[in-house]
1. Of the residues that make up the range 119-127, is at least one in contact with a helix residue (DSSP H, G or I) (Cβ under 8 Å, 6 or more places away or on another chain), of a type outside the set (D, E, K, R) and within 24 Å of Ile37 (Cα to Cα)?
2. Are any residues in the range 1-20 in contact with a Ser or Thr (Cβ under 8 Å, 6 or more places away or on another chain) and among the β-branched types (Val, Ile, Thr), and if so, which ones?
3. Can you tell me how many residues within the range 144-154 are touching a helix residue (DSSP H, G or I) at 6+ places or on another chain (Cβ under 9 Å), farther than 17 Å from Gly103 by Cα and not hydroxyl-bearing (Ser, Thr, Tyr)?
4. Can you name every residue in the range 53-96 that is basic (Lys, Arg) and touching a Phe, Trp or Tyr at 6+ places or on another chain (Cβ under 9 Å)?
5. When the residues of the range 41-62 are filtered to those that are small (Gly, Ala, Ser) and closer than 23 Å to Thr84 by Cβ, which remaining residue is surrounded by the fewest Cβ atoms within 10 Å (Cβ to Cβ)?
6. For the list (1) hydrophobic (A, V, I, L, M, F, W, C); (2) within 15 Å of Pro91 (Cβ to Cβ); (3) at pLDDT 95 or above; (4) in a helix (DSSP H, G or I), I need the number of the one condition that Leu35 fails.
7. Tell me, yes or no, whether the range 81-91 has at least one residue that is within 28 Å of Thr18 (Cβ to Cβ) and at pLDDT below 95.
Amino acid sequence: MTMIDLVLIEKCADPALTPAIVEHFVNTAGSDDPLAISVKVGGRLVLIPKPADPAMGLDAIRSYVGQGSVRVGLTQFPAGVGITETSQLTPEIFDACSNLRMGTALFAKVARIVTKWYGRPTNQQVLPQMMDDAIYAWRTGVFEGTRVFQAEDPGGPTFIEGEQLKSGGPANVEGSTDAAALPEDKPTEKIDAGQAGIRIDLSRIGVR
C-alpha cells in the first residue's frame, strides 16, 4: 500500500477532495514513487527501466504516449490527457506536488461523473461504492460507457457534498444502503454487486 505525506496533500491536492479521500485514492490507485511509470500497449504491460530523474522518465514515456496507456508518478496520472503532441509533456509530470495537483484535479472530475450517475445522493452510506467506482474508472478510463478523462466535467458535488461520515470503524455498503438515495432509473444491484469482502475504512473521511 502506498503511503503519502499528509503535508503534501494539504499543500498540493485539489481542494474539492478532502485529505482522507486523497490519501485513500493515492494509497489505492497510485504509487509511492514520483518516478513510477506504468505502460500498457495492446493490453500488455511494457517493462520500463526505472528512470534516474524526471528528464530520463520523460524520454522513456514519449514514445508510448498515444500508443497505449501511460501512467506516471504518485497518482499514476494518464500522461496523454490534455495534450495534442508529446512535445507538450514536461518533466513537471514527475514532480510529486505537480503530479498530485494534476492527478487529484482529474480524479475529482471523475468523481463528479460517478456522483452524477448515482443521482447525486446525500446518503453517506453510498460513498464506499462511489469511491470504488471512481477508482475503477480512474484505472480503466471508462465508467458506464463514458471515457472519463475526455468527458466534460458535469460540475456539482464531488461525492457526498456537505456530509461527514460518522466515526466508529469501517463503513460497509452491502446490505445497508438506503434505496431512496439511489437514482430512480438505476438498479439497486449496482450498489450491491461485487461488494462481498470489500471493507474500506472511511472513518476519517468528510467530503466537502
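1. Checking the range 119-127: not a single residue is in contact with a helix residue (DSSP H, G or I) (Cβ under 8 Å, 6 or more places away or on another chain), of a type outside the set (D, E, K, R) and within 24 Å of Ile37 (Cα to Cα).
2. Of everything in the range 1-20, just one residue is in contact with a Ser or Thr (Cβ under 8 Å, 6 or more places away or on another chain) and among the β-branched types (Val, Ile, Thr), namely Thr2.
3. 2
4. In the first step, residues of the range 53-96 are kept if they are basic (Lys, Arg); the result is 62, 71.
Answer for the range 53-96, where residues must be basic (Lys, Arg) and touching a Phe, Trp or Tyr at 6+ places or on another chain (Cβ under 9 Å): just Arg71.
5. Here is the first cut: in the range 41-62, the ones small (Gly, Ala, Ser) are 42-43, 52, 55, 57, 60.
Those still in the list that are closer than 23 Å to Thr84 by Cβ too: 42, 55, 57, 60.
Numbers: Gly42: 8, Ala55: 12, Gly57: 24, Ala60: 18.
Per the criteria, the residue is Gly42.
6. Answer for Leu35: the failing condition is (4).
7. Here is the first cut: in the range 81-91, the residues within 28 Å of Thr18 (Cβ to Cβ) are 81-82.
Next cut, at pLDDT below 95 only: 81-82.
So far as the range 81-91 goes, yes, one or more of its residues are within 28 Å of Thr18 (Cβ to Cβ) and at pLDDT below 95.
Matching residues to (1) assigned to a helix (DSSP H, G or I); (2) touching a residue at least 60 places away in the same chain (Cβ under 8 Å):
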position	(1), (2)
Thr75	no, no
Val81	no, yes
Ser98	yes, yes
Met102	yes, no
Arg120	no, no
Val126	yes, yes
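The values are calculated or read from the model by the stated rules, or taken from the named source; none is laboratory data. Remember, predicted model here, so these are calculated numbers, not experimental data. All Cβ positions, glycine included, derive from the backbone under ideal geometry; neighbour counts span all protein chains shown.
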